[in-house]
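The values are calculated or read from the model by the stated rules, or taken from the named source; none is laboratory data. These numbers come from a predicted model, not from an experiment. All Cβ positions, even for glycine, are placed from backbone atoms using ideal geometry, and neighbour counts span all protein chains on display.
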Amino acid sequence: MQNIFIPTKNRVENSTLLKFAESENENVFVVVEPQEHQQYKNRFPNFQYIILPENNGGITYVRNYIKEYSESLGMQNYWQLDDDITGFFYREGTKLIRGGFGILHKAAVEFKDAGFALGGLEYRQFAWSASKNFVMNSFCDSCVFVDNTKTMGMRYRKYLEGKEDRDFAMQVIDSGEKTARTTLFAFSSPANGSNAGGLKEIFYDIGKEEIAVSRMVEVWGENICVPIVKPSGRNDIKIIWKNIGSNQTTLF
């Protein structure tokens, strides 16, 4: 059985993943702030709850709490899932077929067998046309497998909040370990900052992305992080992944 952590904030009524997870027989830990625990417990009484010590600590605080908690219990690995994921899929050729949490089991086996320190499912919109089974040494977002045996003691950096997941993957690569997204399995979710709750009101709506972008350039350098503006007007960065740990060789 997989250890699955779902951090959630301000989505008691609109967390698509929690509604889906109710019907799955998995070891799910819902991670909530003290101020919202009772609301979630009333709505979803059958989950295991981890109550954070503080309210409004931010996403990096939550990510690190999960990492430290899992390490303290001796968990060799775990999944960390965004609460707005709307579905899981497996790929047969160019066809994506909807499935359940069993997809996480299969993906975890792939990651462990290949020795990846960090893994992720591919975004649905990219998985169907993939020509390779793995996208090596790149980002792992939203639906992430963490191998504690290879990332023990590594932490998300508060200074880079908003890009903490990208930075964590970059730290893993820079340490000499490997990351991978599997294109054989995929997930779907709304666009960043498009649905209420989570980080929408406390990050995306107040323009904090621009700060996160400038800090990523500061920390990693312009040869790795290039600021861009997306067609939607969002500030973002293009990461030159090959410039991180470029002395590594890949198997795929």
Exercise. Pull up segment 28-48, narrow it to residues that are in contact with a strand residue (DSSP E or B) (Cβ under 6 Å, 6 or more places away or on another chain) and exposed (fewer than 15 other Cβ atoms within 10 Å of the Cβ), then point me to the one that is nearest to residue 212 (Cα to Cα).
Key: 34
Practice problem: Among the residues of segment 151-166, write down those that are part of a helix (DSSP H, G or I), out of contact with any Ser or Thr (no Cβ under 6 Å at 6 or more places or on another chain) and within 16 Å of residue 80 (Cα to Cα). | Solution: 151, 165, 166
Quiz item: What number goes with the only condition from (1) at pLDDT 95 or above; (2) exposed (fewer than 14 other Cβ atoms within 10 Å of the Cβ) that residue 81 does not pass?
Solution: (2)
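Each row is one residue, and each column tells you yes or no for (1) crowded, with 23+ Cβ neighbours inside 10 Å; (2) under 26 Å from residue 92 (Cβ atoms); (3) aliphatic (A, V, I, L, M).
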site	(1), (2), (3)
145	yes, yes, no
149	no, no, no
171	no, no, no
188	no, yes, no
Self-check item: Top-ranked residue in segment 95-132 [being hydroxyl-bearing (Ser, Thr, Tyr) and modelled with pLDDT of 95 or more; ranked as farthest from residue 187 (Cα to Cα)]
Solution: 129
Quiz item: Between residues in segment 59-77 that are on the phi > 0 side of the Ramachandran plot and modelled with pLDDT of 95 or more and residues that are among the hydroxyl-bearing types (Ser, Thr, Tyr) and not in a helix (DSSP H, G or I), which pairs lie under 8 Å by C-beta distance while being six or more apart or on different chains?
Solution: none
Quiz item: Of (1) closer than 18 Å to residue 26 by Cβ; (2) exposed (fewer than 13 other Cβ atoms within 10 Å of the Cβ), residue 101 satisfies all except one. Which?
Solution: (2)
